[in-house]
């Protein structure tokens, strides 16, 4: 896209395993997983804390949150913004359910929760 805004482009989307030439999610490894606990008031709403992690030693993810759902399941939420119409747009997120389970499983295991929330 040019600065005048008139030229459009077609983005190229690759699944992580296609980009790396691998067929499994094992190629996605999270390290340096850090957790900051939420306040007592936030915990009452289900927000347990804030998470950051490094992907494959190359990309730092910030703004993830660890939450407990109304059903008691632990889950990871991804940072997003709402547009003027209230539609949520995530800054980044897993591309499918398999990737979601893989990322969530690594984070929960690193935080000492094993398979408690995965699935």
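Nothing in this text is a laboratory measurement; each read-out follows from the coordinates by a stated rule. Note that the structure is predicted; figures quoted are calculated from it, not measured. For neighbour counting, all protein chains shown are included, and Cβ atoms are generated from backbone atoms with ideal geometry for every residue, glycine included.
Things worth noting here:
- Distance in nm between pseudo-label sites at residue 59 and residue 81 (7 Å out along the Cβ direction from Cα): 1.9
- Length gained when the stretch residue 32-residue 52 is fully extended (0.36 nm per residue, less Cα-Cα span): 6.4 nm
- Residue 98/residue 44 FRET efficiency (R0 30 Å; Cβ-Cβ; nearest 0.05): 0.40
- Every Cα-Cα pair in the range 30-110 was counted, and those over 19 Å apart are 40% of them.
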